[in-house]
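J.: Mind having a look at this structure? Questions to follow.
Computed from the coordinates by the stated procedures, all read-outs in this text should not be read as laboratory data. Note that the coordinates shown come from a computational prediction; the quantities given were computed from them, not determined experimentally. In this analysis, Cβ positions are derived from the backbone assuming ideal geometry, glycine residues included, and neighbour counts consider all displayed protein chains.
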Amino acid sequence: MTIQWIGFLLAMAVIVIGANYHLTLALFSGSVILGLFTLEPIEILNQLYITITTPNTIFLILALGMIPMIGGILQVSGNWRT
């Protein structure tokens, strides 16, 4: 039980400190650290596969990927307001 708390505190520290530099990398690193302290290695790979192949995740990735494209189109067309 103690090892899970150590992993949780370490993951939270990585997220809080890393968020000042790169939020995406900090969240990913924190989740990997938490997974290493709480799950078996094969279960980490299984959960990663399930997460990546879920249709909701795929649609979310596509939607988030379109945001910069929409911003670029708005800048080129002159409809961008700052």
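J.: Subtract the Cα-Cα distance of I52 and W80 from 0.36 nm times their separation in residues, and report this length gain in nm to one decimal.
T.: Extra length from I52 to W80 when fully extended: 6.8 nm.
J.: Same structure, new question: Suppose the chain between I42 and T24 were pulled fully straight at 0.36 nm per residue; how much longer would it get relative to their current alpha carbon spacing?
T.: 4.1 nm
J.: Could you tell me what fraction of 2.2 N^0.38 Å the Cα radius of gyration of region 41-82 comes to, as a two-decimal ratio?
T.: My calculation over the Cα atoms of region 41-82 gives 1.82.
J.: Continuing with this model, one more query. Expressed as a rounded percentage, what relative contact order does region 1-54 have, with Cα pairs under 8 Å and six or more residues apart?
T.: It comes to 35 percent, rounded to a whole number.
J.: Further question on the same structure: What is the distance, in nm, between label points placed 7 Å from the Cα along the Cα-to-Cβ direction at V16 and at I73?
T.: 4.2 nm
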